[in-house]
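The values are calculated or read from the model by the stated rules, or taken from the named source; none is laboratory data. Predicted model, so just to flag it, every value in this text is computed and none were measured. Cβ atoms come from the backbone with ideal geometry, glycine included; neighbour counts cover every protein chain shown. What goes into the accessible areas is simple: the full protein's heavy atoms, side chains included, and nothing from ligands, DNA or RNA. Shrake-Rupley method; radii C 1.70, N 1.55, O 1.52, S 1.80 Å.
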Amino acid sequence: MYEVTVGIPVYKAVDYIEATMESALAQSYSDIEFLVIDDCGDDGSIAVVERLQKEHPRGKAIRLLRNKCNLGVGPSRNRIIDEANGKYLYFLDSDDVIEPHTIDLLVGAAHGHRAEVVYASFEQIDNVSHSSTKQIVYPPESFEHLGDLACYAFRNYGFFQSSVCNCLIDLHFLRTVKLKFIDAVYWEDMAFTYELVTLVERAALLPDITYHYLCRPNSLSNYQERAHLKRDEVLKNVSTIDYLKWKCRQKTGNSYTPYMCYNLEMNSFYIVSHVLKHRKCIIPEIPDADLHQMMQMPMSLGEILRFRHRLLGNLILWAIVKLPTPLFMFAVKIMGRIKKII
């Protein structure tokens with residue numbers, strides 16, 4: 001048994017995996033196993049891991065498991081949940097790096113707050129549009145009651161991370177609530193995080209920047225500008241939001257539900273706006289009626305009227321969705337131009 005499992009799914013990361021592994025192996029905290037899942041990228045990434053197993057002073061703590069075929073990041077992370085030997089679990093993507101004191105800080109906070117989950121701050125390095133590095137710094141905060149973390153996360157949507165990386169999770173808790181990643185090509189992180197925060201009772205946030213998240217070309221975590229975009233690719237994003245809307249319907253009556261409902265509907269709005277902005281690039285074209293269907297609200301009017309928070313925003317979105325399709329399309333275009341995304 002180890003105190004911490006650092007879980008790293010690997011798929012076609014040969015240009016990044018050595019830096020990732022070196023940052024993990026350089027941790028000041030000693031009681032760690034490094035669980036690497038080979039997701040059959042066949043690009044030489046695993047040869048780097050195998051070399052580190054043999055040559056690095058902590059190489060014996062690297063455990064390498066191979067999928068029978070390429071399964072994707074969600075199923076690979078699920079295998080990490082099943083196979084991990086640690087008391088705590090920390091996910092690390094195969095193209096990111098962490099600070100040497102990352103696990104030390106997170107474990108200390110988990111013990112000090114008796115937390116089921118601890119999140120640390122991070123920075124995003126954009127190698128796609130080459131915009132400036134963005135830092136997300138949390139206030140030092142702790143939560144002690146079920147629903148408090150969810151309220152904070154959904155109220156601060158856009159600031160609170162949707163990635164599962166850079167958080168330490170109590171593995172017994174995770175297995176008890178039976179939370180797993182959905183099998184999705186995109187936004188499986190978002191689906192997991194949306195559910196996770198609603199299940200956590202005790203949690204903590206740290207202001208320390210411990211994780212450096214690389215946005216790189218052709219990464220599955222980034223939705224980049226392309227000359228052509230397949231309709232099925234858009235619909236896979238929609239399916240993740242639809243799954244979360246179904247989950248939202250099961251959360252009626254919670255203090256965080258109005259925020260969750262609003263955020264999910266706004267995600268649908270941004271997808272529809274993206275489609276409208278790039279409609280000529282999407283093959284085959286997505287009809288207006290299908291775009292209208294994408295923005296169906298997870299809650300009824302009666303349920304929305306009982307909201308104590310985000311009432312106006314949810315009512316406006318509900319009213320837009322209830323318009324006939326031509327008027328709905330007109331309203332979305334106006335709203336998209338106001339927000340400068342169309």
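Here GLU201 passes the criteria (1) open to solvent by 20 Å² or more (accessible area, probe 1.4 Å); (2) modelled with pLDDT of 95 or more; (3) assigned to a helix (DSSP H, G or I) except the one numbered (3). Outside any loop (DSSP other than H, G, I, E, B), under 21 Å from TYR152 (Cα atoms) and not small (Gly, Ala, Ser): is that true of LEU264 in this structure? Here the answer is yes, as LEU264 does meet what is asked. Given the residues ILE125, ILE98, ILE103, ILE136, which is the only one that is of a type in the set (A, V, I, L, M, F, W, C), in contact (Cβ under 8 Å) with a residue 60 or more places away in the chain and farther than 23 Å from GLU3 by Cβ? One residue alone meets the criteria, ILE125.
Screening segment 17-44 for residues that are in a strand (DSSP E or B) and of a type in the set (A, V, I, L, M) and picking the one that is surrounded by the most Cβ atoms within 10 Å (Cβ to Cβ) gives VAL36.
Among the numbered criteria (1) on the phi < 0 side of the Ramachandran plot; (2) basic (Lys, Arg); (3) modelled with pLDDT of 85 or more; (4) surrounded by fewer than 18 Cβ atoms within 10 Å (Cβ to Cβ), which single criterion is violated by ARG226? Tallying (1) on the phi < 0 side of the Ramachandran plot; (2) basic (Lys, Arg); (3) modelled with pLDDT of 85 or more; (4) surrounded by fewer than 18 Cβ atoms within 10 Å (Cβ to Cβ), ARG226 fails exactly one: (3).
Looking at segment 284-334, which of the residues that are small (Gly, Ala, Ser) and part of a helix (DSSP H, G or I) is nearest to the chain's Cα centre (by Cα)?
First pass over segment 284-334, keeping only residues small (Gly, Ala, Ser): 289, 300, 302, 313, 319, 331.
Filter once more, keeping what is part of a helix (DSSP H, G or I): 289, 302, 313, 319, 331.
Details: ALA289: 29, GLY302: 31, GLY313: 24, ALA319: 29, ALA331: 30 Å.
Restricting to residues being small (Gly, Ala, Ser) and part of a helix (DSSP H, G or I), the top hit is GLY313.
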